[in-house]
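Data first, discussion second: the structure below is written as structure tokens.
The values are calculated or read from the model by the stated rules, or taken from the named source; none is laboratory data. Treat the numbers as computed from the prediction; the structure is a model and nothing was measured. FYI the Cβ positions are ideal-geometry reconstructions off the backbone, even for glycines, and counts take in every protein chain you see.
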Amino acid sequence: MRNALALVVVIVLAGLMMAGVSQLPPPGSPDGAVHRHVAAHYIDGGKEAAGAPNLVTAVLLNYRALDTYGEVVVIFAALLAVLAVGLAGHSRGPQRGADELPVSPVVDLVIRLLAPFIALFALFMILEGHVLPGGGFQGGVVLGALMILLGLVLGPRRLRRMLPTPALFWTRSVALLAFALVAVAGLALAGWLFALPEQYWLRELIIVGLELAIGIGAAFALVGFYLSLEADRHR
Amino acid sequence: MVILFAIGLYVVLTKQNLVKKIIGLNIMETAVFGLIVTSGMVTGGSPPLLGQGLEPPYASPIAHALVLTGIVVALSVTALALVLIIRVKAECGSIELDELQVDLQPLEPDQ
């Protein structure tokens, strides 16, 4: 009964949305509204203005840097909330049994063999993200996935021991701090937030630095999610 | 995309399992991201990477950047929801919504 009602609601809503979507301009035409206004301006001057030939990176880290700053704040706030929820549980049930299942030796060997290459690829994506497809978040997610894989192979407790608490503190907040630094530096040097200096190589350097900070921040946020979930699972 | 969104909405509305609800939410998010990215597409165009020898009709970089932001926010929401579900499981012993309501009934007369 409830399922039938939900189905009716969903079908009616889908019909309304279908009517709305059918009124949208057809995708694929180069003269569409998406391509005419700011997008054309970004494509004309984005490389020089933002120091990044990859225009997606240029939009993310320069034109819409405040949006991206908000995004970094969101992921950091989610990490804080996850850790707070996890901590609230730990005070009641502090110890859990050592019942970790060993992984298959094949998985273990393959992950250990692939780990350096995954790390190299993540670094490549972060450092070349302003020129080629890739970027801070993408490379950071690859790096975080690598650390989660290692956590699965070595055991989360060993992974936790490899990451000392002061290092976690800095790596988790580095993206926020770097963004704030760039914003304030722009305000001090040129008069508005996120302003970049005149020289192109300096702009490129700042973008690469921001990418690196975002990558590290995203990776360690993922690892924080994983470790917290893993710790909760054993209670 | 509308169909994908409708599937996600149906899952969120009908499934009692909280993890399945989160999966439905993610399906809905995927539909929205797909719609926005498609709107930035150009037929026969190239990715917006300058200096790589690609020809000018570029796809709109704004749609890509917006969706990238959206994906990260969706990831954060999912992680937070999963941790909360684990806490619900630890506190109430179940992640099925209909079972949860039965468990919570005896608490009400005390208040």
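Could you tell me whether any residue of region A:136-156 is buried (at least 20 other Cβ atoms within 10 Å of the Cβ) and not in a helix (DSSP H, G or I)? No, region A:136-156 contains no residue that is buried (at least 20 other Cβ atoms within 10 Å of the Cβ) and not in a helix (DSSP H, G or I).
Going through region A:6-37 one residue at a time, which ones are surrounded by fewer than 12 Cβ atoms within 10 Å (Cβ to Cβ) and of a type in the set (D, E, K, R)? Matches in region A:6-37: A:31 only. For region B:45-77, a tally of residues being assigned to a loop (DSSP other than H, G, I, E, B), of a type in the set (Gly, Ala, Ser) and more than 19 Å from residue A:68 (Cα to Cα) returns 4. Counting the residues of region B:40-73 that are within 13 Å of residue A:30 (Cβ to Cβ) and either more than 7 Å from every other protein chain (Cβ to nearest Cβ) or small (Gly, Ala, Ser) (or both) gives 8.
For residue A:211, indicate whether it is over 22 Å from residue B:79 (Cα atoms), of a type in the set (Asp, Glu) and buried (at least 22 other Cβ atoms within 10 Å of the Cβ).
Details: over 22 Å from residue B:79 (Cα atoms): yes; of a type in the set (Asp, Glu): yes; buried (at least 22 other Cβ atoms within 10 Å of the Cβ): yes.
So residue A:211 fits the description; yes.
Out of region A:37-88, which residues are outside any helix (DSSP H, G or I) and not basic (Lys, Arg)? It would help to see each step written out before you state the result.
Our first condition is that a residue be outside any helix (DSSP H, G or I); within region A:37-88, this holds for A:37, A:51-54, A:64.
Matches in region A:37-88: A:37, A:51, A:52, A:53, A:54.
Looking only at residues in region A:48-91 that are modelled with pLDDT under 80 and more than 20 Å from residue A:211 (Cα to Cα), the one that is farthest from the other protein chains (Cβ to nearest Cβ) is A:91. Screening residue A:202 with (1) more than 15 Å from the chain's Cα centre (by Cα); (2) crowded, with 22+ Cβ neighbours inside 10 Å; (3) under 21 Å from residue A:128 (Cβ atoms) gives one miss only, at (2). Among the residues of region A:25-47, the one identified as more than 7 Å from chain B (Cβ to nearest Cβ) and either of a type in the set (Lys, Arg) or under 30 Å from residue B:13 (Cβ atoms) (or both) is A:36. With respect to the stated conditions, residue B:89 is without any contact (Cβ under 8 Å) to a residue 12 or more places away in the chain, crowded, with 16+ Cβ neighbours inside 10 Å and over 22 Å from residue A:6 (Cβ atoms). The requirement of being under 20 Å from the mean Cα position of the chain (by Cα), more than 23 Å from residue A:78 (Cβ to Cβ), in a helix (DSSP H, G or I) and facing chain A (nearest Cβ under 7 Å) is fulfilled nowhere in region B:84-96; no residue meets it. For residue A:132, the criteria (1) closer than 25 Å to residue A:202 by Cα; (2) at pLDDT 80 or above; (3) assigned to a helix (DSSP H, G or I) hold in every case but one, which is (3).
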